[in-house]
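The values are calculated or read from the model by the stated rules, or taken from the named source; none is laboratory data. Everything quoted here is computed from the prediction, not taken from an experiment. Backbone-built Cβ (ideal geometry, glycine too); neighbour counts: all protein chains shown. Accessible surface areas use protein heavy atoms only, side chains included; no ligands, DNA or RNA. Shrake-Rupley method; radii C 1.70, N 1.55, O 1.52, S 1.80 Å.
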Amino acid sequence: MLIGMTSEPEQQIGVGTPDAFQRLWTPHRMAYIQGQDKPNGPGAEDGCPFCSIPAKSDEDGLVVARGEHVYAVLNLYPYNGGHLMVVPYRHVADYTELDGPETAELADFTKRAMAALRAASGAHGFNIGMNQGSVAGAGIAAHLHQHLVPRWGGDTNFMPVIGHTKVLPQLLGDTRAMLAGAWPAE
């Protein structure tokens, strides 16, 4: 045990109070908590980040791969390192609104994303899914997006369980470059 650390939590008042690393700061999460870049309405013209990302460079938009109907992009607020999303270019809210080619390419990109994540990071498994509607947990309910969260044996360690935080070992730009390099060709 480090000097000064106890097994009992102690109140920490003020910035700069020595605490022997008993707290981790994740200030980048505040933007998500405060709703930064969330659409202010249901339409594509209402500030939808998934509609604006395709106009950016791959590096600036964190785009891993682009298709004809969908693209793969890193989640700006990931649950795990490598957490990405497959997003249709067309601004639709519900899975049933996708047409046949969009549905097929979304499925194909999901498979290719899994292959890229396995090749680049050795992922052991995946959580894959969509939250349909804000009541189902969709952070941006107005634009459909499918999450792919890579998982590894033992990745739920003391940090998320006890510390209620995730430690991501790599900058998002570096993760994007690694996955783009591992993205399988058609």
Report the residue count in the range 48-63 for those that are over 12 Å from the mean Cα position of the chain (by Cα) and surrounded by 15 or more Cβ atoms within 10 Å (Cβ to Cβ). 7
Quick check: anything in the range 27-39 assigned to a loop (DSSP other than H, G, I, E, B), closer than 26 Å to ALA136 by Cα and modelled with pLDDT of 95 or more? no
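In the range 65-80, what residues are open to solvent by less than 30 Å² (accessible area, probe 1.4 Å) and modelled with pLDDT of 95 or more? Full working, then the answer.
Step one: list which residues in the range 65-80 are open to solvent by less than 30 Å² (accessible area, probe 1.4 Å), which gives 65, 67, 70-75, 78, 80.
ALA65, GLY67, VAL70, TYR71, ALA72, VAL73 - these are the residues of the range 65-80 that are open to solvent by less than 30 Å² (accessible area, probe 1.4 Å) and modelled with pLDDT of 95 or more.
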Could you run through the range 81-113 and say how many residues are in a loop (DSSP other than H, G, I, E, B) and either aromatic (Phe, Trp, Tyr) or buried (at least 20 other Cβ atoms within 10 Å of the Cβ) (or both)? 4
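Would it be correct to say that GLY139 is within 23 Å of ALA177 (Cβ to Cβ) and out of contact with any Gly (no Cβ under 6 Å at 6 or more places or on another chain)? Before the answer, list the steps.
Details: within 23 Å of ALA177 (Cβ to Cβ): no; out of contact with any Gly (no Cβ under 6 Å at 6 or more places or on another chain): yes.
No, not satisfied.
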